[in-house]
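Single-structure report; data block below.
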Amino acid sequence: MTKRELYGVTIECVQGNIVEQPDVDAIVNAANAALRIGGGVAGAIHRAAGPGLETECRPLAPIRPGQAVITGAHDLPNRYVIHCLGPVYGVDEPSAHLLASCYQNALQLAEQQGIRSIAFPAISTGAFGYPMEPAAHIALNTVLDESPNLSSVKLVRRMCVIRFVLFSERARAIHARILQELTTGPERA
């Protein structure tokens, strides 16, 4: 695990399964527009949460690229699931802005709900085809930019935890390297 603390926020990069994060308040779903079971992260979350998740999602759909909505976690060990629709690489433009919006909107929902810890997957990097390296850079840069604004979360527990849960060791290593680069530069050191 790679861990950095900045602005009262702990940012972690771990290899693992997004549905096996019982110590976080919310997990983020790399959702499809219909907010239904699918492949990858969306399929894993819906299967683990049970049918109540799809029922709760139905009236919230469809969502647009960059948008985020929040539901209960149902049979998952977490309190919430935040569903983000990432851009399809090469189709939804401007893709970098839309991907950053996913992370911004998810953190904004977390702030509104008083969520103290959240786990993100690598949004859009699976079936949506976003290359891992630029996606990781956008995700981590956005989280770092938003971290100083997480005021109510820090008031509740002084330290917020934002975890990136990556399925492969390669993805974890890319995120860890970029996190290191972004947090040791002169603008954030």
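Data overview
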| quantity | calculated |
| --- | --- |
| Single unsatisfied condition, G66 versus (1) more than 24 Å from I178 (Cα to Cα); (2) touching a His at 6+ places or on another chain (Cβ under 9 Å); (3) buried (at least 21 other Cβ atoms within 10 Å of the Cβ) | (1) |
| Pair list, Cβ under 7 Å, 6 or more apart: the stretch 70-88 residue closer than 19 Å to Y103 by Cα, other residue modelled with pLDDT under 95 and in a loop (DSSP other than H, G, I, E, B) | Y80/I115 |
| Residue satisfying all of: in the stretch 144-160; out of contact with any Phe, Trp or Tyr (no Cβ under 6 Å at 6 or more places or on another chain) and under 16 Å from L109 (Cβ atoms); modelled with the lowest pLDDT among these | V156 |
| Selection status of P94, without any contact (Cβ under 8 Å) to a residue 24 or more places away in the chain and either over 16 Å from C13 (Cα atoms) or among the aromatic types (F, W, Y) (or both) | yes |
| Test: residue in the stretch 85-103 that is under 17 Å from the mean Cα position of the chain (by Cα), among the charged types (D, E, K, R) and surrounded by 15 or more Cβ atoms within 10 Å (Cβ to Cβ) | no |
| Filter result for P51 (touching a residue at least 40 places away in the same chain (Cβ under 8 Å) and either under 19 Å from S124 (Cβ atoms) or not aliphatic (A, V, I, L, M) (or both)) | no |
| Residue within the stretch 66-87 that is assigned to a helix (DSSP H, G or I) and out of contact with any Cys (no Cβ under 9 Å at 6 or more places or on another chain) present | no |
| Cβ pairs under 6 Å, 6+ apart, first in the stretch 3-32 and closer than 20 Å to H83 by Cα, second basic (K, R) and part of a loop (DSSP other than H, G, I, E, B) | D25/R79; D25/R116 |
| Some residue of the stretch 24-42 being more than 22 Å from G126 (Cα to Cα), part of a loop (DSSP other than H, G, I, E, B) and over 15 Å from the mean Cα position of the chain (by Cα) | no |
| Residue list for the stretch 88-104, restricted to those being of a type in the set (G, A, S) and part of a loop (DSSP other than H, G, I, E, B) | G90 |
| Meets criteria (surrounded by 14 or more Cβ atoms within 10 Å (Cβ to Cβ) and either among the polar types (S, T, N, Q) or under 14 Å from I118 (Cα atoms) (or both)) for T55 | no |
| Sole residue being modelled with pLDDT under 95, crowded, with 16+ Cβ neighbours inside 10 Å and touching a helix residue (DSSP H, G or I) at 6+ places or on another chain (Cβ under 8 Å), chosen from V28, V19, V14, V9 | V9 |
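The values are calculated or read from the model by the stated rules, or taken from the named source; none is laboratory data. No experiment lies behind these values; they were computed from the predicted model shown. Note that we place each Cβ from the backbone using ideal geometry, even for glycine, and neighbour counts take in every protein chain shown.
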